[in-house]
Amino acid sequence: MSEGRKRKHTEELDNNMSALVASPESPHKEHHEHHRHERSHAHTKHSTLDEVKSLLGSGDYRRIDEDILKQHADRIDTNAVHGALTFPEGLERYDIYQKGDHQELACIIRIGKKLCGHPDIVHGGIISTLFDYTYGWLFFAVGEKAGFTANLSVNFRRPIRANSTGLMRVVLEKKEGRKTFVKATWEIDGELHADSTALFVKPKASS
């Protein structure tokens, strides 16, 4: 290869690499940030006030996840639930409401057909993950310090079908020292489909 052709080839490679490794001001970066922002609030468009009232029933519920996700948008890409699982026909809806100032949450969940194990049945691992993760939201909502899952138990009562909208209720049951006990149910159309209990342990205070 002549020196002229070598130089031209090197310039083309440099240009291609510059396009792949976009600068903060580049269109590629802007598109990525826009996509991440849209995904972080993808659940919002599914909510209607009438539907929320019909699912939650009476009670002073307020939605808490939207503002928190906006504040921590930089962490969404690496988050298992709000990042990896949130996509069309995946986790399509995950709306979190706190009941007044109680130690209780209600979560409206809709899962599409791409998170199944058996055809049209949501994978048990996904169900377990959402129980575990919503417990974490409960900790956050009531101002508890972060804890680690020491035990998670899930009972699968009925198959949870893809494209069904479910209601998860999560309650902080009791605290014993560094231990926190929580429980939850997952209902669809008023019928219990799964329930869970868990034990979380707070890390020891550093000396």
Selected residue (only one of THR185, THR149, THR129, THR180 is in a helix (DSSP H, G or I) and of a type in the set (Val, Ile, Thr)): THR129
Residue pairs meeting the criteria (Cβ under 7 Å; at least 6 apart or on separate chains; first farther than 11 Å from PRO159 by Cα and among the aromatic types (Phe, Trp, Tyr), in segment 105-126; second open to solvent by 50 Å² or more (accessible area, probe 1.4 Å) and outside any loop (DSSP other than H, G, I, E, B)): none
The one condition PRO159 fails out of (1) outside any strand (DSSP E or B); (2) at negative phi; (3) out of contact with any strand residue (DSSP E or B) (no Cβ under 6 Å at 6 or more places or on another chain); (4) open to solvent by 60 Å² or more (accessible area, probe 1.4 Å) is (3)
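May I ask you to verify whether PHE131 is surrounded by fewer than 17 Cβ atoms within 10 Å (Cβ to Cβ), under 21 Å from GLY117 (Cα atoms) and aromatic (Phe, Trp, Tyr)? Can you show your working first?
Numbers: surrounded by fewer than 17 Cβ atoms within 10 Å (Cβ to Cβ): no; under 21 Å from GLY117 (Cα atoms): yes; aromatic (Phe, Trp, Tyr): yes.
In short, no.
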When the residues of segment 162-177 are narrowed to those that are out of contact with any helix residue (DSSP H, G or I) (no Cβ under 8 Å at 6 or more places or on another chain) and in a loop (DSSP other than H, G, I, E, B), which ends up farthest from GLU66 (Cα to Cα)? GLY177
Out of everything in segment 188-207 that is among the charged types (D, E, K, R) and modelled with pLDDT of 95 or more, what residue ends up being least open to solvent (accessible area, probe 1.4 Å)? ASP195
Candidate set: segment 83-97, residues that are within 19 Å of ASP132 (Cα to Cα) and open to solvent by 10 Å² or more (accessible area, probe 1.4 Å); chosen: the one farthest from the chain's Cα centre (by Cα): TYR97
Quick one: in segment 52-92, which of the residues that are among the charged types (D, E, K, R) and out of contact with any strand residue (DSSP E or B) (no Cβ under 8 Å at 6 or more places or on another chain) is modelled with the highest pLDDT? GLU89
Does any residue of segment 138-159 turn out to be within 17 Å of GLU187 (Cα to Cα), within 14 Å of the chain's Cα centre (by Cα) and β-branched (Val, Ile, Thr)? no
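Residue check: is ALA184 buried (at least 18 other Cβ atoms within 10 Å of the Cβ), in contact with a strand residue (DSSP E or B) (Cβ under 9 Å, 6 or more places away or on another chain) and modelled with pLDDT under 95? Before you say what the answer is, go through the steps one by one.
Numbers: buried (at least 18 other Cβ atoms within 10 Å of the Cβ): yes; in contact with a strand residue (DSSP E or B) (Cβ under 9 Å, 6 or more places away or on another chain): yes; modelled with pLDDT under 95: no.
Answer is no for this residue.
The values are calculated or read from the model by the stated rules, or taken from the named source; none is laboratory data. Values in this document were obtained by computation on a predicted structure and should not be read as measured data. As a convention, Cβ positions derive from the backbone with ideal geometry for all residues, glycine included, and neighbour counts pool all protein chains shown. With ligands, DNA and RNA removed, areas are computed over all heavy atoms of the protein, side chains included. Shrake-Rupley method; radii C 1.70, N 1.55, O 1.52, S 1.80 Å.
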